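To start, the structure itself, in structure tokens.
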Amino acid sequence: MYNFLDIAKLLISNGADVNAKTSKYGHPPLLVALQLNCLEIAELLLSSGADIDAKCINGYSGLHFAVGRRSLDQAKFLVSHHIDMDAKDENGRTALDYAYMGNLQEMILYLEQKYQRSHPSDYILYVFEF
């Protein structure tokens with residue numbers, strides 16, 4: 001019997017497009033893997049050429065999904081793969097903005113730390129703007 005990871009491997013080995021957007025919401029496979037909390041499949045997709053910065057039709061990135069799911073593990077996974085932390089959705093909000101809106105303290109601390117390391121001169125301005 002096959003599991004989802006085996007099926008994903010089979011599809012990819014037979015030429016499946018790892019960046020296809022087939023659902024009505026425009027979710028690429030990476031975002032579907034995150035929704036299902038399948039980091040093994042997300043890793044497989046990325047190693048097979050999936051776009052780490054892929055978004056759905058609302059402009060949500062994987063990091064937006066991780067914050068929405070309150071999944072620090074997913075956020076760490078995505079940041080370790082160099083996701084664009086500045087990505088904004090159709091409302092002009094970043095994942096960090098949503099973490100603030102949801103008062104997700106652990107997520108805020110993690111994302112702020114990573115943002116500060118990647119944007120040292122912009123960090124102070126960001127904190128005061130919010």
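Once both labels are positioned 7 Å from their Cα atoms along Cα-to-Cβ, the gap between GLU112 and ASN58 label points is 2.6 nm. Applying 1/(1 + (r/R0)^6) with R0 = 30 Å to the Cβ-Cβ distance of LEU72 and LYS9 gives a FRET efficiency near 0.65.
Residue order for SER48, SER61, SER80, SER23, fewest other beta carbons within 10 angstrom first, comes to SER80, SER23, SER48, SER61.
Based on Cα contacts under 8 Å between residues 6+ apart, the chain shows a relative contact order of 17 percent. Which FRET efficiency value, to the nearest 0.05, do you get for ASP86 and ALA20 by plugging their Cβ-Cβ distance into 1/(1 + (r/R0)^6) with R0 = 35 Å? That gives a FRET efficiency of 0.90.
Which entry is the computed Kirkwood radius over Cα pairs in Å for this structure: (i) 16.1; (ii) 15.3; (iii) 16.8? Among (i) 16.1; (ii) 15.3; (iii) 16.8, the one derived from this structure is (ii). Helix content alone sets the calculated 222 nm mean residue ellipticity of the chain: runs of n ≥ 4 DSSP H residues at -39500 (n - 2.57) each, divided across all residues, give -16000 deg cm²/dmol.
Readers should treat all values here as calculations from the given coordinates under stated rules, not as data from a laboratory. This structure is a prediction, so every number in the text was calculated from the model and none was measured. Here Cβ is always computed from backbone atoms with ideal geometry, including for glycine, and neighbour counts include all displayed protein chains.
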